[in-house]
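Written below as structure tokens is the structure these notes are about.
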Amino acid sequence: MASRSEGPVLEIKDLNISYYTRAGEIPAVIDFSLSVQRGETIGLVGESGCGKSTVAMAIMNYMGANGGIKSGEILFKGRDIVRMTGDELRRIRGSEISMIYQEPFAALNPSLTVANQLMEVPLVHEAIGRQEAYARAVQMLTDVRLPDPERIMKAYPHQLSGGQQQRVVIAMGLLSNPDLLLLDEPTTALDVTVEAGIVKLIAEISRKFGTAQIYISHNLGLILETCDRVFVMYSGEVVEEGTINSLFTWPRHPYTHGLFGCIPLPTANKNAAPLQPIRGQLPLPHERPRGCNFGPRCDYFVGGHCDAGKVAMEYVSDAHDSDHRVRCARFRDIDHSAYLKPKNVREAAEVGENVLEVRDMQKYYELRDASIGAMISGKGVTYVKANEALSFSARRGETVAIVGESGCGKSTFAKVLMGLETATGGEIRHEGRDIGNVSVHDRTPEQLASLQMVFQNPSDTLNPSHTIGHQISRVIKKFGVETDKNKIHERVMALLDTVKLPRDFYFRRPRQLSGGQKQRIGIARAFAGNPSMVIADEPVSALDVSVAAAVTELLMDIQREHRTTLLFISHDLSVVRYLADRVVVMYLGQIVERGSTEEIFDPPYHPYTEALLSAVPIADPEVTKREIVLEGNLPSVTNPPAGCPFVTRCPRRQGAICEQQRPPVQLVSEGHAIACHIPLDELRAVEPVIRVPSEDERAHA
Amino acid sequence: MLILIFKRIGFMVITMLIVSMLLFLLLEFDKEGVAVRVLGPYSSEEQRAIWLEDNGYNDPLYVRYFSWLGRFASGDFGESVRFKVPVSEVMWPRLWNTAILGFWVFAVMIPLSLALGILAGMREGSKLDRSISVLSIITTSVPEFASAVLFSALFVFSLQWLPGTSSMMDGFDFKQLILPVLVLVVYDFGYVARMTRASMAEVMTTQYIRTAVLKGLPYNQVILKHALRNALIAPFTVIMLQVNWLLCGVIVVEFFFAYKGFGALLLEASLNKDIFLIEACAMVAVFVAVATQTLADIGYTYLNPRIRFS
Amino acid sequence: MTNASVATSPPATGYGAALVRALRSFTLLRESWVGMIGAAIVLFWVGVAISAPVLSPFDPNATVMPLQKPGAEHVGGGTFWLGTDHLGRDILSRIIWGSRTVLYYAPLATFTAYAVGIVMGLAAGYHRGWVDDVLSRISDIILSFPVLVLYIVIIATIGASGVNIVIAITFASGPGIMRIVRGLVLDLRNRDYVAAAQTRGEGSWRIMLVEILPNARGPLIVDACLRMGYVIITIGVLGFLGLGLPPPDPDWGGMINETRQMAMAFPHMTVYPCLAISSLILGFNLLADGVREISLRD
């Protein structure tokens, strides 16, 4: 047995995990091995269904009713967790191994105070009194940088913001000073600027407490920022592992290459260097191919070689780092530099006349307070300013992105544009006609057809009760594109071809489709009436990276072909940088900056844009960033600051003027505007947030 | 929180007013009909006219309603046609008897159904869970009048353990209370148990229970501290609303076992068209129902910190 | 091509396909033995009700021989399998014919209550605003009545008849159905496919009936089965209290009421109708449980 001071904290050997369903046994994790040293952070990365979360649950030996560890060992400080009794497990859980969860709100008990939930951890694991437990909890809340810990202790979870909740969960995990911390997508449910703060905190923890960590994420950029070593998983298996530097600079598995080709890195460009989606789909667990699981999707697949039998992990001995292993039968034969060359290069699309003009558009919601107190004071009605003085325009064939975090008003704007809500002020001209006050019921079929939308959530976008064919033909009929039954049918088939789906999808129902396929149908539906403008509200944010890349490319191909104006709503600046021609940055219902993509990503910046740029994780170890972490929470839309909306979190606050006065809109150039009190010259003087090395400076060059 | 209580009570008052209006219109809109019911079908035209004049029935409808409401609010419900005494003299003792019956039903039903529901919901899909579920489906499928017959056939006719009627002619007799309580409990515990089970099962699948387990808490602490607190919020409301159901159940059971309770009184009044007694009984029944619903709402808010502090 | 043209005419497929799917999902019941037993019981009684003229050995209203025990032989041939009542009517025949009464009025009342509840629930949940306020208040007030008190007051006022029972049940359970439908609609109306329908200019009734309602069917089918049970209980209770269908036509609740005075001496007169009504309710409740189990599975 290994002694406490030396040897790995955790060692997993040949772990196999299966789920038992009515359909039979489904292997979820196959031949998984890993070891974690003290103070080390290991990253597990992969798309949904690859088995990464199952590994975390197995380490806790918490498999649920239908999961089981089939074989292998999980040695925690030399003791096998798989063979522990319930009591032994209980003593380890929460004291020596803790876990941080994806959705902090769901992970906290809604009817117990934070104090109650924190204090029980040391109380149950150590022989200490309530007072000491309380003091420890307060101290830990301070350590996770929560302001006013005494107040937080008394609060119930719902009284805290998402970021605060996650800090409480982290504090809960650290209270007994564990040896190992499991983090299962700890920032996926949070906004980018909040995420940046949590990521920084997690990095601090491993430095300060020496806690070993296993960080699970689908986001390669986050893994790069937090981990020392990384394991890439695909369909239940680790396909590649290595140190961060080695794996990110010299990936060796075709799937890892594929993942990098799907991420909109700063070097990607929709015309000169488009994304390279991985073809095909993830195999279902019971339909995995023989040999290499990635075989059917791989460009280097050789029949009889790759599908001959199990492929083992091998050391990449020729690489720049000896501690780099890959599960590929042909990694020595592959020309790895070929992946770096841009393919499918396209011409930049031609931009035409203005299709959309928004001028001083505002949307207020009335909030009626029916309480007696409000009636007495006469403040019965308050206004939520969801959109305030929005002005921008979009031209034919152009892609305009609206960027902002949750609550910034971007979805409200989309609703007004679509006529699901009407504007309270200003105007929106689409093809010359004011539609800001025209609700969807009062629009003509031509107006409706010319302005369509692609929705965010694939599980929601199609009606589960109707066939695909029915749903698309209904649109065609409703818009009067075709009236003859046969013609409608032909048009549906043509649309299915356009979105690259087989024609027999006509008779399918939404539940028989994958998320990516549903989004494709959503795109087909939006383009059914030959719209002049399409609004895409986070169309790929719910999809896995490789699927998202394919859908993004498809959307842009169709847009280019039809010279459609695309209004792309997103929280993700990487995607925006990749596909937008012009960008509008929103914060708390207002536009803080707008301009062409190049203008937005280079100084002068609005301080919020600057922070947003810094917050987005980038999966390229040679790209350097200036670190700007925002303090505090997003203010509530019902009670926004009187002056600049960003004043409560702005690191460049000028003083009273920011709190009291609306910032002026300063024109940097025609089309590039920044709403800020800071003089433009001062804003121009800052360094770029992101620095991308030139090709010659790169290590792999 | 205080505002919410006022709101709920306000709503309760409004409901009672509307119910009283409907009831008044339903029963007293036709004043000739009232006279016929009070004075009997053989009364003469003249007698009725005099009676109507004497009792203010020739006033406009709304004046009649408000004076009726005023008398009602002050506890003067009029005189029972059948018993020839003030309604309150008949009604309050009967209500007290029903309260005794109701107390015992709740005293047996709540612990039984909560215990079964929690046991079943703790391990969803287990054998125990399936057995409790099927048992509760079977018991809720036998309506009170049927189970009263079946239990009587068994305990009174075959085994001769218990008396077949519960009229309590010679004073209070606990033995006579057993069958009515049994019938009501058997029909109703299944519903509450199933609600508790559903609530418990749902809580057991939540992520915060997983958090509690992975914190290393002992199983009993996970259940008692983390699960029950959330799982019992929904059943609390369900139990409070059972008062409403009990008001229906007692009608059947009291009728069957000749128990001198409120339900039997209401039924008798309806069958005899004893108009003022119907009004009084219906208003009291609705008052009890609405009051418990109000309490249930307020209690629910109090139990649920998500609402309490928002 | 024929298939395609069928698929492109929405109103026909909307409901035609829904029916086919409802039948297909019925075969899914195989996977829940509880649901299977429930379906078997219900189908048994439906079969009995349909073939009552063939099955019943005697005229249900004819006075044959009073106070016969079960199994007694009739002098004119035939056996009183379940005995006869105080008026000499054959109990088995009355139970068989009584199944017709209950299986006629219960589905009818459930259906009308659903028609009212769905329309109210859709309107309240989809339009929100004052429509919702008014409808919700009305249903709150009706629901605050103890149900049976409501029935007794209504029936005592408007009189006992089949139609009046249907009206009373619709009045009393419509609001409950409305609440369920409203809750489901409040959830479904925020789905993106509803927004998609709105942005292509569909009318609000089409959205409610074609886009929203079909997706609420799972919970509604479960509720409808449970509610059938309650309606059967209600009809039984009203009969038992003497407020049900007027005699002499057989009605299970009424049979129990007429004979309960003699239950101590001749339990067979009351026990068999009790078993009949309980088994039918059990059938619907088990069916509801089975449907719920299956609908939760996928």
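Here are the numbers:
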item	result
Residue selected from region B:235-265 under the condition within 14 Å of the chain's Cα centre (by Cα) and more than 21 Å from B:Q293 (Cα to Cα), by the criterion farthest from the other protein chains (Cβ to nearest Cβ)	B:G261
Helices (runs of 4 or more DSSP H) wholly inside region C:107-188 that include at least 3 residues being crowded, with 23+ Cβ neighbours inside 10 Å	C:147-158, C:162-188
Residue within region A:553-565 that is more than 25 Å from A:R279 (Cα to Cα), in contact with a helix residue (DSSP H, G or I) (Cβ under 7 Å, 6 or more places away or on another chain) and crowded, with 23+ Cβ neighbours inside 10 Å present	no
The one condition in (1) more than 8 Å from every other protein chain (Cβ to nearest Cβ); (2) over 19 Å from C:V116 (Cα atoms) that C:T270 fails to fulfil	(1)
Every residue from region C:147-162 that is more than 9 Å from chain B (Cβ to nearest Cβ) and in contact with a Leu (Cβ under 8 Å, 6 or more places away or on another chain)	C:A160, C:S161, C:G162
Subset of region A:310-331 [modelled with pLDDT under 85 and surrounded by fewer than 15 Cβ atoms within 10 Å (Cβ to Cβ)]	A:S317, A:D318, A:H320, A:D321, A:S322, A:D323
Single unsatisfied condition, B:S167 versus (1) among the hydroxyl-bearing types (S, T, Y); (2) surrounded by fewer than 17 Cβ atoms within 10 Å (Cβ to Cβ); (3) assigned to a helix (DSSP H, G or I); (4) more than 14 Å from chain C (Cβ to nearest Cβ)	(3)
Helices (runs of 4 or more DSSP H) contained entirely in region B:208-310, each with at least 1 residues that are within 30 Å of A:V121 (Cα to Cα)	B:228-231, B:233-257, B:275-303, B:305-308
Matching option when the condition is modelled with pLDDT under 95 and more than 12 Å from chain C (Cβ to nearest Cβ), among B:A153, B:A146, B:A120	B:A120
Total residues in region B:214-270, condition under 30 Å from B:T165 (Cα atoms) and among the β-branched types (V, I, T)	6
Restricting region A:44-103 to residues that are in contact (Cβ under 8 Å) with a residue 40 or more places away in the chain and polar (S, T, N, Q), the residue that is nearest to the other protein chains (Cβ to nearest Cβ)	A:S95
Residue among C:V194, C:V237 that alone is touching a residue at least 60 places away in the same chain (Cβ under 8 Å) and either within 12 Å of another protein chain (Cβ to nearest Cβ) or not in a loop (DSSP other than H, G, I, E, B) (or both)	C:V237
Matching residues, region A:107-122, being facing chain B (nearest Cβ under 10 Å) and free of Cβ contacts under 8 Å to residues at least 40 places away in the same chain	A:N116, A:E120
Flag if C:T13 is within 30 Å of C:L287 (Cα to Cα), within 14 Å of another protein chain (Cβ to nearest Cβ) and modelled with pLDDT under 75	yes
Residues being surrounded by fewer than 21 Cβ atoms within 10 Å (Cβ to Cβ), touching a residue at least 40 places away in the same chain (Cβ under 8 Å) and within 14 Å of B:L265 (Cα to Cα) - total across region B:95-131	1
Given (1) in a helix (DSSP H, G or I); (2) in contact (Cβ under 8 Å) with a residue 24 or more places away in the chain, index of the condition B:F6 fails	(2)
Options B:V288, B:V284; residue that is closer than 30 Å to B:L228 by Cβ, surrounded by fewer than 23 Cβ atoms within 10 Å (Cβ to Cβ) and more than 7 Å from every other protein chain (Cβ to nearest Cβ)	B:V288
Test: residue in region A:427-447 that is facing another protein chain (nearest Cβ under 8 Å), surrounded by 23 or more Cβ atoms within 10 Å (Cβ to Cβ), in contact (Cβ under 8 Å) with a residue 24 or more places away in the chain and in contact with a strand residue (DSSP E or B) (Cβ under 9 Å, 6 or more places away or on another chain)	no
Residues of region A:386-399 satisfying the condition of being more than 30 Å from A:E561 (Cα to Cα) and either surrounded by 20 or more Cβ atoms within 10 Å (Cβ to Cβ) or under 25 Å from the mean Cα position of the chain (by Cα) (or both)	A:A386, A:N387, A:E388
Qualifying residues in region A:155-181 (those that are farther than 26 Å from A:R91 by Cβ and at the interface with chain B (Cβ under 9 Å from one of its Cβ atoms)) - the one surrounded by the fewest Cβ atoms within 10 Å (Cβ to Cβ)	A:H158
Tally, over region C:194-229, of residues that are in contact with a Pro (Cβ under 8 Å, 6 or more places away or on another chain) and either closer than 25 Å to A:Q447 by Cα or among the small types (G, A, S) (or both)	2
Contacts under 6 angstrom Cβ, first residue in region B:233-257 being farther than 26 Å from C:I256 by Cα, partner outside any helix (DSSP H, G or I) and of a type in the set (S, T, N, Q), 6 or more apart	B:I233/B:N304
Residues being in contact with a Pro (Cβ under 7 Å, 6 or more places away or on another chain) and farther than 13 Å from A:V551 by Cβ - total across region A:510-526	2
In region A:313-365, residue nearest to A:R563 (Cα to Cα) [restricted to those that are touching a His at 6+ places or on another chain (Cβ under 6 Å) and β-branched (V, I, T)]	A:V326
Test: residue in region A:54-72 that is assigned to a strand (DSSP E or B) and aliphatic (A, V, I, L, M)	yes
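Residues are listed down the side, and each one gets a yes or a no for (1) over 25 Å from A:R279 (Cβ atoms); (2) surrounded by fewer than 21 Cβ atoms within 10 Å (Cβ to Cβ); (3) of a type outside the set (K, R):
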residue: A:P458; (1), (2), (3): no, no, yes
residue: A:S473; (1), (2), (3): yes, no, yes
residue: A:V481; (1), (2), (3): yes, yes, yes
residue: A:K500; (1), (2), (3): no, yes, no
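Conditions (1) within 27 Å of A:I92 (Cα to Cα); (2) modelled with pLDDT under 90; (3) not small (G, A, S), marked per residue:
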residue: B:S158; (1), (2), (3): no, yes, no
residue: B:L162; (1), (2), (3): no, yes, yes
residue: B:L184; (1), (2), (3): no, no, yes
residue: B:A198; (1), (2), (3): no, no, no
residue: B:T206; (1), (2), (3): yes, no, yes
residue: B:V213; (1), (2), (3): yes, no, yes
residue: B:P218; (1), (2), (3): yes, no, yes
residue: B:L224; (1), (2), (3): yes, no, yes
residue: B:I233; (1), (2), (3): no, yes, yes
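Yes/no per residue for (1) of a type in the set (A, V, I, L, M, F, W, C); (2) in contact with a His (Cβ under 6 Å, 6 or more places away or on another chain); (3) under 20 Å from A:T461 (Cα atoms):
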residue: C:I169; (1), (2), (3): yes, no, no
residue: C:G174; (1), (2), (3): no, no, no
residue: C:Y193; (1), (2), (3): no, no, yes
residue: C:Q198; (1), (2), (3): no, no, yes
residue: C:R206; (1), (2), (3): no, no, yes
residue: C:I212; (1), (2), (3): yes, no, yes
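The values are calculated or read from the model by the stated rules, or taken from the named source; none is laboratory data. Bear in mind the structure is a predicted one, so any value in this text is a computation, not a measurement. No Cβ is skipped: glycine too gets one built from the backbone with ideal geometry, and neighbour counts run over all protein chains shown.
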